[in-house]
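Engineer: Take this structure, written in structure tokens, and hold onto it; I'll ask about it next.
The values are calculated or read from the model by the stated rules, or taken from the named source; none is laboratory data. Being a predicted model, the structure only gives us computed values, none of them experimental.
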Amino acid sequence: MQDIWGMLRAPDPDVDDVVRRELLVQSAEAARLSNLLGYGLLATADGVLWATGLRTGEVLAWTLGLLAWLAVFHVVVPIWVCRPARAGRPVDPLRRRFTVIQGVTGTLWGSVCVFVRPGEGQAELFAVAMATLVLANAANLLFCCATPGAYLAYHAGIVVAGVTGFASQGNWGLVALVAFGGFGAMPLTRYGYQQVAGARLLARQNHLLADELRTEREAVERANLRLSEANAELAHQATRDPLTGLPNRTLFFEHLTSSLALSRETGRRLGVIYFDLDRFKIINDTLGHGAGDDLLVQVGERVTAVLRGADVLTRLGGDEFVVLTSQNAAGVAERVRRVLAEPFALDGRSVRVSSSLGVAVDDGRADGEQLVEFADVALYRAKEGGRNRVAVFTPEMLATTGTDDERLNRLLAGKPPQPRRGEAPSPRAPSS
């Protein structure tokens, strides 16, 4: 086992000073608790002394002096030793200070043999009582002092005072007994001390390790939380339009596919509303792209406010939006048209815009992409009919608009539909 006794008396420079400081605090706190038990031991000793008929004045003088010092001990140890140690003050000056305090305490306990003198016929009983008191106090600190210097000072104070008192009485047998019991048993005392101090040191190290593991676990939990938040943010950015915060094309088509399957199981009919702003390019050209972006954000907010239930609004790009609804799609489209006809505040101006809307209702045969394409075809019919209106898709519209596959492929590629060969360009040019 490591020589803890030697380590603390002459510490290795590599030994962590925190460990020595912690052992000093433990030693001081344990000594305070031990001296609390000393009040009971003092009362017992006084009872024995008075029972033997010893002079009351001598007993009282020793008792009062010891009581006064114990009271001082409980005040100065926390202030002079424990608090500075916990505050990180250097260990060695505090250890020397505690050693002096313990030396005074041991000397006062052992001085009973100096203060109190046996009378005639009392020598034997007094000798037994005093030897027991001195040795009991010397052994008591073994299990409460984790600082070798302080232990030695306390132990030596008791033994030296006891030997001096018995020698002054001429009781050389007790002098030999106390001297042998106090100093001859030091190897055993040292071994016992190392067991106690080693156990305390191991307990403290385990406590520090537990604190370190708890700190690391909390750090890992915080890192996991930040990672989860980052993943959630990335997932949100991957499925949301960066300007309006609405679901983007990817999220919309995922939702459309699952909603179509569910609606066909339940018998409910879904509708898709495809709309854009008429002549949106004029806003960008006259007021600037910042005003155009502001207009798109306000459009998203207004349309969201008039939707109900599980309706979903998505920005596909530019000024193109699409709504998925399980209600009366034509009625929802008309509400959207009316709310978008109200003036918008852009750069301090009141600006009116109109919108064209195409509606396609699921008939159980088209898939999600085709349903969006049919709504887009109806939107073209609304623009050809004069804009600012709602058109509902019918199969006859495909005959004059272009093949279904051609328009669908261009829609998914994010390009405007091409007119049929021989036809003039569609009214829905980039200027909307």
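Engineer: Check GLU233, GLU221, GLU216, GLU212 and return the single one that is of a type in the set (Asp, Glu) and modelled with pLDDT under 80.
Structural biologist: Within the list GLU233, GLU221, GLU216, GLU212, the selection yields GLU233.
Engineer: Does ARG222 satisfy being among the charged types (D, E, K, R) and farther than 16 Å from LEU316 by Cα?
Structural biologist: Answer is yes for this residue.
Engineer: State all residues of region 144-173 that are under 45 Å from the mean Cα position of the chain (by Cα) and at pLDDT 75 or above; if no residue qualifies, say none.
Structural biologist: Matches in region 144-173: GLY149, ALA150, TYR151.
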